[in-house]
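**Student:** The structure's right below; bear with me while I get my questions together.
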């Protein structure tokens with residue numbers, strides 16, 4: 001690749017390490033794979049990390065008593081205070097009260113529960129907005145560790161006094177979250193960096209919490225209402241798979257390089273990755289290039305700077321889907337705290353502790369899942385979900401399709417009574433669990449990211465036509481990868497046009513509807529949410545409820 005080629009949105013020439021990854025135009029240093037001292041052990045490290053999982057989630061005869069009692073105390077205290085103070089006020093006061101008290105309890109319980117709260121914060125449209133709003137503060141506003149603890153960790157990991165490496169080191173963290181906190185610093189060689197420092201004893205705390213969750217999860221099956229929405233032991237396994245990868249920053253640095261390389265290969269240079277340092281990366285410390293820009297929710301600031309916010313989120317959507325569909329690797333934890341928008345319009349993608357990785361078999365199944373949704377092929381979607389691990393391999397697919405009414409006419413949920421809506425979702429959930437459905441980690445991460453990007457459209461591109469955006473995405477992937485898709489899964493999109501009629505039906509819309517903006521879509525969802533809240537006891541509901549993201553979104557909503 002020629003370094004003078006102007007592929008960046010700003011039109012500036014690419015840096016010399018552009019063939020390695022999509023990085024910033026003003027490199028504090030150049031990435032040289034041969035000089036990355038920590039990179040050689042990544043493969044074996046990743047294998048050891050995954051091999052540890054069965055021991056972490058095995059069912060135990062006896063629980064870690066102190067942790068179970070401590071967790072119960074914090075949650076009971078939150079519920080007691082809410083019941084005593086806010087609950088009697090009802091309405092929004094009650095909702096804000098329970099959400100705030102649960103948020104405080106999760107922070108008090110430590111990194112595992114903070115991470116759980118972060119996952120809940122991405123559930124716009126699934127969880128109450130008060131809960132989502134409260135838990136968003138757990139993304140980067142958790143109580144930080146004292147600087148003395150940070151200094152001790154950095155010096156122990158880098159094996160040198162802090163001042164020997166950094167000429168400046170801000171004692172106040174730029175952000176603090178579940179596993180680590182981030183500090184701004186300057187190397188003695190002059191480069192501005194951010195330093196990610198793991199909280200002390202976090203690995204031990206996470207392992208203890210997983211042991212407690214694994215012990216209690218089987219006892220929850222069929223015993224409390226929420227267990228009707230999921231398989232608690234399977235959720236613990238899914239959560240363990242996600243959080244265990246974040247405990248070694250060498251894996252995160254390797255993830256950074258993998259994503260950066262995919263962005264470069266696909267020429268998606270509207271997204272950039274901070275460069276990890278070639279020497280200062282250890283299990284608990286990660287030194288990387290500092291990127292500066294607008295916070296993701298600073299829409300007015302971006303507009304004042306002349307940034308096309310609709311293009312920003314559209315570019316993010318394409319790059320995210322392209323990595324998953326073509327290479328089977330994607331950033332697994334998109335949220336506002338992990339994104340910066342530079343003055344030039346590029347998006348700085350941060351925090352690579354969680355990455356979705358699809359083996360070739362799962363990548364092809366995932367590709368069939370998305371293509372099946374595009375052409376409205378229900379059989380292709382259900383078989384793809386089976387091959388991804390969402391359904392047992394011996395599942396009778398025709399029975400699934402029939403039981404869930406996936407080929408029948410969709411019913412507009414905004415036209416259903418509250419009782420009908422609640423009953424339909426419960427019946428759907430019961431049917432899914434009856435078939436042994438579960439949520440594979442990679443699918444959960446993908447759907448969670450899609451929910452975030454979907455909600456980002458509401459603030460960054462509220463007037464963007466949903467149908468036009470779907471058509472644009474389909475046109476892009478068909479023109480660029482049509483031949484590869486035909487070879488991979490035997491479906492030639494160049495000969496199979498996108499089925500917008502199926503999309504409209506899945507949303508419960510009249511076939512004659514020409515446009516639907518994201519703002520209008522949110523209004524429809526708000527109607528559904530209010531009816532869900534008003535829903536009471538079960539009443540028979542015989543028609544299939546529609547779904548924005550088809551069967552995969554249904555499964556994700558009910559499992560997570």
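**Student:** Take the residues in region 249-282 that are assigned to a loop (DSSP other than H, G, I, E, B) and modelled with pLDDT under 95; name whichever of them is surrounded by the most Cβ atoms within 10 Å (Cβ to Cβ).
**Tutor:** 269
**Student:** Among (1) closer than 30 Å to residue 132 by Cβ; (2) modelled with pLDDT under 75, there is one condition residue 519 misses while meeting the rest; what is its number?
**Tutor:** If we test residue 519 against (1) closer than 30 Å to residue 132 by Cβ; (2) modelled with pLDDT under 75, just (2) comes out false.
**Student:** Being in a strand (DSSP E or B) and modelled with pLDDT of 95 or more is the filter here; which residues of region 155-180 pass it?
**Tutor:** Within region 155-180, 166, 167, 168, 169 qualify.
**Student:** How many residues does region 75-85 hold that are surrounded by fewer than 19 Cβ atoms within 10 Å (Cβ to Cβ) and under 21 Å from residue 209 (Cβ atoms)?
**Tutor:** Within region 75-85, residues that are surrounded by fewer than 19 Cβ atoms within 10 Å (Cβ to Cβ) and under 21 Å from residue 209 (Cβ atoms) number 4.
**Student:** Would you say residue 18 is part of a loop (DSSP other than H, G, I, E, B) and at pLDDT below 85?
**Tutor:** no
**Student:** Turning to a different aspect of this structure: Any chance you could count how many residues in region 143-163 are touching a residue at least 12 places away in the same chain (Cβ under 8 Å) and closer than 17 Å to residue 278 by Cα?
**Tutor:** 3
**Student:** Closer than 29 Å to residue 401 by Cβ, in contact with a strand residue (DSSP E or B) (Cβ under 8 Å, 6 or more places away or on another chain) and touching a residue at least 60 places away in the same chain (Cβ under 8 Å): is that true of residue 509 in this structure?
**Tutor:** In short, no.
**Student:** Specify the residue that is modelled with the lowest pLDDT; the eligible residues are those in region 135-151 that are farther than 17 Å from residue 286 by Cβ and part of a helix (DSSP H, G or I).
**Tutor:** 139
**Student:** Let me ask something additional. Among (1) at pLDDT 85 or above; (2) within 27 Å of the chain's Cα centre (by Cα), which single condition is residue 9 missing?
**Tutor:** Evaluating residue 9 over (1) at pLDDT 85 or above; (2) within 27 Å of the chain's Cα centre (by Cα) leaves (1) as the failure.
**Student:** Within region 346-356, is there a residue that is surrounded by fewer than 20 Cβ atoms within 10 Å (Cβ to Cβ), in contact (Cβ under 8 Å) with a residue 40 or more places away in the chain and either assigned to a strand (DSSP E or B) or not assigned by TED's automatic domain parsing to the domain that holds residue 136 (or both)?
**Tutor:** Within region 346-356 (the criterion being surrounded by fewer than 20 Cβ atoms within 10 Å (Cβ to Cβ), in contact (Cβ under 8 Å) with a residue 40 or more places away in the chain and either assigned to a strand (DSSP E or B) or not assigned by TED's automatic domain parsing to the domain that holds residue 136 (or both)), the answer is no, since none of the residues qualifies.
**Student:** Give me a count of the residues in region 300-319 that are within 14 Å of residue 463 (Cβ to Cβ), assigned to a helix (DSSP H, G or I) and in contact (Cβ under 8 Å) with a residue 12 or more places away in the chain.
**Tutor:** Result for region 300-319: 5.
**Student:** Pull up region 86-116, narrow it to residues that are assigned to a loop (DSSP other than H, G, I, E, B) and free of Cβ contacts under 8 Å to residues at least 40 places away in the same chain, then point me to the one that is surrounded by the most Cβ atoms within 10 Å (Cβ to Cβ).
**Tutor:** So, considering only residues that are assigned to a loop (DSSP other than H, G, I, E, B) and free of Cβ contacts under 8 Å to residues at least 40 places away in the same chain, the one surrounded by the most Cβ atoms within 10 Å (Cβ to Cβ) is 86.
**Student:** Pick out the one residue from 69, 56 that is closer than 20 Å to residue 210 by Cβ and surrounded by 15 or more Cβ atoms within 10 Å (Cβ to Cβ).
**Tutor:** Sole residue among the options that is closer than 20 Å to residue 210 by Cβ and surrounded by 15 or more Cβ atoms within 10 Å (Cβ to Cβ): 56.
**Student:** Only one of (1) within 30 Å of residue 185 (Cβ to Cβ); (2) without any contact (Cβ under 8 Å) to a residue 12 or more places away in the chain; (3) within 24 Å of the chain's Cα centre (by Cα) fails for residue 47. Which number is that?
**Tutor:** For residue 47, the exception is condition (1).
**Student:** So which residues in region 53-67 are without any contact (Cβ under 8 Å) to a residue 12 or more places away in the chain and part of a helix (DSSP H, G or I), if there are any at all?
**Tutor:** Passing the criteria: 54, 55, 65, 66.
**Student:** Only one of (1) surrounded by 15 or more Cβ atoms within 10 Å (Cβ to Cβ); (2) assigned to a helix (DSSP H, G or I) fails for residue 50. Which number is that?
**Tutor:** Every condition holds for residue 50 apart from (1).
**Student:** Does region 170-181 include one or more residues that are farther than 16 Å from residue 287 by Cα and touching a helix residue (DSSP H, G or I) at 6+ places or on another chain (Cβ under 7 Å)?
**Tutor:** Taking every residue of region 170-181 in turn, at least one turns out to be farther than 16 Å from residue 287 by Cα and touching a helix residue (DSSP H, G or I) at 6+ places or on another chain (Cβ under 7 Å).
**Student:** Can you say whether residue 96 is modelled with pLDDT of 85 or more and within 28 Å of residue 522 (Cα to Cα), as far as the supplied structure shows?
**Tutor:** In short, yes.
**Student:** With the condition kept exactly as written, say whether any residue in region 211-230 is over 30 Å from residue 63 (Cα atoms) and at pLDDT below 95.
**Tutor:** Scanning region 211-230, I find no residue that is over 30 Å from residue 63 (Cα atoms) and at pLDDT below 95, so the answer is no.
**Student:** Only one of these is out of contact with any strand residue (DSSP E or B) (no Cβ under 8 Å at 6 or more places or on another chain) and surrounded by fewer than 18 Cβ atoms within 10 Å (Cβ to Cβ): 206, 184, 149. Name it.
**Tutor:** The match here is 149.
**Student:** Test residue 490 against the stated conditions and say whether it is under 27 Å from the mean Cα position of the chain (by Cα), closer than 27 Å to residue 397 by Cα and either modelled with pLDDT under 80 or assigned by TED's automatic domain parsing to the domain that holds residue 381 (or both).
**Tutor:** Here the answer is no, as residue 490 does not meet what is asked.
The values are calculated or read from the model by the stated rules, or taken from the named source; none is laboratory data. Because the structure is predicted, anything quoted here is derived from the model rather than measured. Cβ: placed from backbone, ideal geometry, glycine included. Neighbour counts: every protein chain shown.
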